[in-house]
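Rule-based calculations on the coordinates, nothing more; no lab input. This structure is a prediction, so every number in the text was calculated from the model and none was measured. Every residue, glycine as well, gets a Cβ built from its backbone with ideal geometry; the counts of neighbours run over all protein chains shown.
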Amino acid sequence: MEEKRILVKLDNQGRLFVPSHVRKALGIKAGDMLVLDVKDKQIEISTVEYAIEKAKEVVKEYAKGRKLWKELIEERRKEAKNE
């Protein structure tokens with residue numbers, strides 16, 4: 001879906017109306033879970049699938065060439081030694 005800016009109205013119960021063409025393009029329907037990222041005065045709404053893919057990308061980039069499980073074990077050993 002191409003980027004668009006769509007003006008929506010918040011109703012008295014705090015709900016937003018997502019136009020049908022947007023729901024259809026995103027493959028979302030009533031009852032689906034969405035992720036809200038809130039920063040400053042901005043809300044970004046994502047599908048759960050999109051949020052998971054983005055999280056995987058972040059972890060993959062962070063962990064590139066690293067053995068995170070080895071680091072975790074080493075960290076736990078240091079903590080245990082200090083107790």
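Among the lysines of the chain, pairs that are 8 or more positions apart or on different chains and have alpha carbons within less than 22 Å of each other number 24.
About the Cα centre of the range 20-82, how large is the charge dipole given +1 on each Lys and Arg Cβ and -1 on each Asp and Glu Cβ? Please answer in debye to the nearest 20.
Values: 16 positive and 12 negative charges, 57 e Å.
Computed about the Cα centre, the dipole is about 280 debye.
Gln42 to Leu68: FRET efficiency via 1/(1 + (r/R0)^6), r the Cβ-Cβ distance, R0 35 Å, to the nearest 0.05? Taking R0 as 35 Å, the efficiency between Gln42 and Leu68 is 0.65. Ranking Leu34, Gly14, Ala55 by how far each Cα lies toward the positive end of the dipole of the chain (charges on Cβ) leaves Ala55 at the top. Counting only alpha carbon atoms, the long axis of helix 68-82 and the longest principal axis of the chain meet at about 60°. Legend: Rg and Dmax of the chain, from Cα coordinates, 20.0, 58 Å. Taking Leu16, Leu68, Leu26 as the candidate residues, the one with maximal mean-square fluctuation in a Gaussian network model of the chain, Cα springs under 10 Å, is Leu16.
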